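*Asks:* Structure incoming, see below.
What follows draws every value from the coordinates through simple rules; no lab data is involved. Remember, predicted model here, so these are calculated numbers, not experimental data. A quick note on method: Cβ atoms are made from the backbone with ideal geometry, for glycine too, and the neighbour counts reach across all protein chains shown.
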Amino acid sequence: MFLNLNFLQSQVLTTSPLSYYGMGKMSIETNPIFQALGNTTVAFLDSGVINFNNPASYSDLGSGYTLLSTGIHGNFSRYSENGNSSVTAFSNINHLAIGMRVHPRMGLAFGFKPYSYRGYNFTDKIFTGTDSIRYDYKGIGSTQIAFFGMSFKLIQLKSTQLSVGANAGLLFGNLSNDRLSRLITSNSLQGGVEKTQLNFSSWYYQIGAMFQQKISKNSKVNIGFSIEPNQVFNSKYSNGLYYSSNVFNEKFYDTISYYTANGGVHMPSSMQVGFEYTLNFKNLVKNNRKLNSELKILGNLASVNNSNYSEKFDTLTKISNLATNQRFGFGIQWIPERNYYENNSLTKFYERIYYRSGFFQEKSTYLDSERENNHFGITFGIGLPIFAQQSLSSVNFGVTLGSNKTNVENSLIENYASVNFGVILSPSVFDKWFRKRKLD
């Protein structure tokens, strides 16, 4: 097998060959803040950030503020195998969400977030003599979630807090796999085509919990947990076989057979657990000035058993070749001056920036062999507060430098750079969105 990857069309949202399996590549880089922190999401807590990866966090959003969060994700990958190499790139909007606290113990959020991507294009040649065949495989598509979530504080004491929350919504989108076959010796465009597609329209849900404990006057720890339980996503399956004088042009396709069926995709449960340790340095003296600095240390562990994945449509049943997937992430965030509004005239610009860095390690195994796919990345980024009448608005950047490869010698290797840009907008302290107007 060898690569034949080109710059893909704009609707392709990933270029990973691993997106062939199951529902494609699961989305983890949904926000530049989390990306810069090694994709540590489940225990992250900040009143100015919508953490829709753990719905239990909504009750800690800033009181009196409405947050609007969105972002753009871009990726540049270099694939190499057996001396061949190719470069691909893509970009997409990664999320759009609105969040607010509606009660001292309750918060909510709603919007759109990505769920999975499919995008690959590779070639295989089978040499059988004069009838040697070339197979072109390509996949495309994505699934998204329109969600609504709420969070409630079950315990709200001075030193201890416990929140629970849930997201529910609609999962929609489509994923397709195409296989084109041609004779190599004839150097012709005629051949056969197989097109398979899944169209989704189904309910989705997720639950989470967040425990906060104050350790001392200047430190606290958060423990976060979230789970997406076993779910069956309603979908429509279609499979078509075609003969064509030009396999790259659907206008010339002659249908040999076509089959459709309604059914469901059984998605196994996935779980995340993590921690966040926060340490405040009050009145830290630097250059004869007192700063109120803050350090966050985060860890995240995610796991899913893909061997329980299956697709069932009438008498047709398919399984994924993936077995398990485990991911560990670690991140650090440093803010030289946390109270930058109160000390605005005394702080320099670089002292108000959020500095973030981290790394992650991900391993996927397969059912049919001892083959493993290892994914490693280092991350970094910054957050820039928008100084406009003391709002929670900010601009955030995140970068990942990663490597994706298997434990098989001379197999496919991906080296990539991923960039995330995001904006969080909120009203100032002198204004409020969605407030009731009174007439004199």
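*Asks:* Given labels modelled 7 Å from the Cα in the Cβ direction, how far is it in nm from residue 262 to residue 372?
*Replies:* The answer from the label model is 4.4 nm.
*Asks:* Related question: From the C-alpha gyration tensor of the chain, pull out the three semi-axes of the equivalent ellipsoid (sqrt of 5λ each), sorted largest to smallest, in whole Å.
*Replies:* Each semi-axis is the square root of five times an eigenvalue, giving 45, 24, 20 Å.
*Asks:* Helix-only estimate, please: 222 nm mean residue ellipticity of the chain, summing -39500 (n - 2.57) across DSSP H runs of length 4 or more and dividing by its residues, to the nearest 500. Numbers along the way, then the final one.
*Replies:* On the way: 1 runs with 5 residues, N = 440.
Taking each H run of at least 4 residues, the total per residue is 0 deg cm²/dmol.
*Asks:* For the chain, which longest stretch is free of loop sites, where a loop site is one of the chymotrypsin sites (Phe, Trp or Tyr not before Pro) that DSSP puts outside H, G, I, E and B and that has at most 12 other Cβ atoms within 10 Å? Don't jump to the answer; show the numbers that get you there.
*Replies:* Working: sites that count: 7, 127, 248, 430, 434.
Result, exposed sites excluded: 249-429.
*Asks:* Sticking with this one: ³J(HN,Hα) across region 193-202 via Karplus (A = 6.51, B = -1.76, C = 1.60, θ = phi - 60°), whole Hz, x for Gly/Pro?
*Replies:* Whole-Hz 3J(HN,Hα) from phi for region 193-202: 9, 10, 10, 10, 9, 10, 10, 10, 7, 7.
*Asks:* Now for a separate question. Once you have the Kirkwood Rh of region 291-402 from its Cα pairs, apply Stokes-Einstein at 37 °C and 0.692 mPa s and quote D in µm²/s. Working shown, then result.
*Replies:* Numbers: Rh = 17.4 Å.
Answer from the Stokes-Einstein relation: 188 µm²/s.
*Asks:* Please give the FRET efficiency for residue 106 paired with residue 185, using the beta carbon to beta carbon distance and R0 = 51 Å, rounded to the nearest 0.05. Could you put the intermediate results ahead of the total?
*Replies:* On the way: r = 69 Å, r/R0 = 1.35.
Taking R0 as 51 Å, the efficiency between residue 106 and residue 185 is 0.15.
*Asks:* Next question, about the same structure. Order by neighbour count: 317, 40, fewest other Cβ atoms within 10 Å first, most last.
*Replies:* 317, 40
*Asks:* Next up: Shape call for region 18-88 from the C-alpha gyration tensor, a ≥ b ≥ c root eigenvalues: rounded (a/c under 1.5), prolate (a/b greater than b/c) or oblate?
*Replies:* Prolate, because a/c is 1.5 or more and a/b exceeds b/c.
*Asks:* Further question on the same structure: How do 267, 106, 150 line up, fewest other C-beta atoms within 10 Å first? Intermediate results must be reported in sequence, preceding the final value.
*Replies:* On the way: 267 24, 106 16, 150 19.
Ordered by Cβ neighbours within 10 Å, fewest first: 106, 150, 267.
*Asks:* Taking each pair of different alpha-carbon atoms in region 63-207 once, compute 1/r for the pair, average those values, and report the inverse of that mean as the Kirkwood hydrodynamic radius in Å to one decimal.
*Replies:* Hydrodynamic radius (Kirkwood, Cα pairs) of region 63-207 is 19.6 Å.
*Asks:* Please compute, over every Cα-Cα pair in region 217-265, the percentage with a separation greater than 16 angstrom.
*Replies:* Cα-Cα pairs of region 217-265 separated by over 16 Å account for 68 percent.
*Asks:* Could you tell me the calculated FRET efficiency between residue 387 and residue 214, based on Cβ-Cβ distance and R0 = 30 angstrom, to the nearest 0.05?
*Replies:* 0.50
*Asks:* So, one more: Between the DSSP loop rule and a limit of at most 16 other Cβ atoms within 10 Å, which trypsin sites (Lys or Arg not before Pro) in region 93-187 are left?
*Replies:* Answer by residue number: 105, 158.
*Asks:* Could you work out the longest stretch of the chain that avoids the GluC sites (Glu not before Pro) located in DSSP loops with at most 11 other Cβ atoms within 10 Å?
*Replies:* Value returned for the longest uninterrupted segment is 1-369.
*Asks:* Would you mind calculating the relative contact order of the chain from Cα pairs under 8 angstrom and at least 6 residues apart, reporting the percent as a whole number?
*Replies:* Across the chain, relative contact order equals 17 percent.
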